[in-house]
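Colleague: Quick one: the structure is below, questions incoming.
What follows draws every value from the coordinates through simple rules; no lab data is involved. Source: prediction; values computed, not measured. FYI the Cβ positions are ideal-geometry reconstructions off the backbone, even for glycines, and counts take in every protein chain you see.
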Amino acid sequence: MKRRHGKSSEVKLNLAAMLDMAFQLLAFFVLTFKPDPVEGQIMLRLPPPEAIKEANAKAKAGQDKNNTNPVEGIESLIITIASNGSGSIETILVGDGEVGRDVRVLDIKLENLLKDPDLLFKQVILQVGSKLRYDELMKVIDVCTKQKLPDGSQLSKLSFVELPEGAAGAP
Amino acid sequence: MSGAQAEGEADLTPILDMVFQLITFFMLVMNFKAAAFDMTLKLPVVGSAMPIDTKGQEELLILNLSPTGDLTVYGEKVDMVRYIAEEARVSRMTAKGKGMDIKDGDELPTMIVIRSDEASRFKDLYHVIKSCQEHGYRKFALKAKRPE
């Protein structure tokens, strides 16, 4: 069998069709491209609601040998945040003491409370008014998670309790 | 110029190379995770909010909470209680497949990521957190914007 050898024997691929397809793919990726939003987060460990135990300044961790419930031994600091009708902070109470509505005052108060090595607060319970806006709540959470415990660890254990409307502190 | 092939033909190889490079770029930066975010929500600005990369080691369940208290997942409004219960069941089964024995009420390894609008009320957020806790979720991340 004899092969015919023309003058231009080299094979040329038609790239136009491939380019069309590539442009289609490119258009798809450009149109569906959504840049990842730069967001931060506050990591929390939220234990299930348990009975509150008042902090005992004299108690030491592991002192009560009969206590088999690990959560019961966690001393809790109760912060009450009452909200007004517009969802802003009305008042903040740390334990029974009022700190007004400024979170900077709360920051100083918590710092003083938590640096005391005799107090064994490891968990903060936030009693929050049901109407409080999320941005206002985050200001309080921000202050709480910045606090350091006497052992140097960051406070990350928080619990939430909803203050029913009409309850003490709530409008 | 060769007489027989006088017509001008553009060499498409470089443009094809460039287009393939662009496609590769967009494929690599494509982020399917962003589809779970409801971008209409306005997150609050919090100073200590830090971007944390779990490097895919941790399973995340992203929940978007609107100012009206509706829960949206991948752009769909869902029945919160039923959705969380179903996700907890799936998470338990996945953990079982990995050899972990997680019973009802035990802590689940999944982290709940809550993206809530700054105007949403605490009662709605608390409802979500409480439902998650009832189904064994303990790890939470509250999303916020970092200050500029």
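Colleague: In nanometres, what is the gap between the two model label sites at B:R146 and A:K34, each 7 Å from Cα along Cα-to-Cβ?
Modeller: According to this spin-label approximation, the distance is 2.2 nm.
Colleague: Given the rule -39500 (n - 2.57) for each run of at least 4 DSSP H residues, summed and divided by the residues of chain B, what is its mean residue ellipticity at 222 nm, to the nearest 500 deg cm²/dmol?
Modeller: On the way: 3 runs with 48 residues, N = 148.
Only helices count here, giving -11000 deg cm²/dmol.
Colleague: On full extension of the chain, what length is gained from B:M100 through B:D79, given 0.36 nm per residue of separation minus the C-alpha to C-alpha distance?
Modeller: Values: separation 21, 0.36 × 21 = 7.56 nm, distance 2.85 nm.
Gain on stretching B:M100 to B:D79: 4.7 nm.
Colleague: Give the long-range amide H neighbours of A:S76: residues separated by 5 or more places, or on another chain, with amide H under 5 Å away, using H modelled in the peptide plane at 1.01 Å from N.
Modeller: For A:S76, whose amide H was placed from the backbone, the distant partners under 5 Å are A:K53, A:A55.
Colleague: Over chain B, with a Gaussian network built from C-alpha contacts below 10 Å, which listed residue (B:D79, B:D117, B:D17) shows the highest mean-square fluctuation?
Modeller: Looking only at B:D79, B:D117, B:D17, the largest GNM fluctuation is found for B:D17.
Colleague: So for chain B, what percent of the C-alpha to C-alpha distances run longer than 25 Å?
Modeller: Percentage above 25 Å: 46.
Colleague: Between 0 and 90 degrees, rounded to the nearest ten: what's the tilt of helix B:13-29 against the longest Cα principal axis of chain B?
Modeller: The angle comes out at about 0 degrees.
Colleague: Given the convex hull over the Cα atoms of region B:42-110, what projected area results after averaging over all orientations, in nm²?
Modeller: Values: hull surface 25.6 nm².
The orientation-averaged projected area of the Cα hull of region B:42-110 comes to 6.4 nm².
Colleague: While we're looking at this one, here's another question. Scan around B:E59 for amide H atoms under 5 Å from its own, H built in the peptide plane at 1.01 Å from N, and keep only partners 5 or more places away or cross-chain.
Modeller: So B:E59 has HN proximity to B:M111.
Colleague: For the pairs A:K157/B:K123; B:K42/B:K123; B:K98/B:K145; B:K98/B:K139; A:K139/B:K139, flag any whose C-alpha to C-alpha distance is greater than 25 Å. Show your work: numbers first, answer last.
Modeller: Working: A:K157/B:K123 20 Å; B:K42/B:K123 18 Å; B:K98/B:K145 35 Å; B:K98/B:K139 19 Å; A:K139/B:K139 20 Å.
Over 25 Å apart, Cα to Cα: B:K98/B:K145.
Colleague: Right, something else. Taking the Cβ of each residue in B:K42, B:K98 as the centre, tally the other Cβ atoms inside 10 Å and list the residues starting with the fewest.
Modeller: On the way: B:K42 15, B:K98 9.
Ascending number of Cβ neighbours within 10 Å: B:K98, B:K42.
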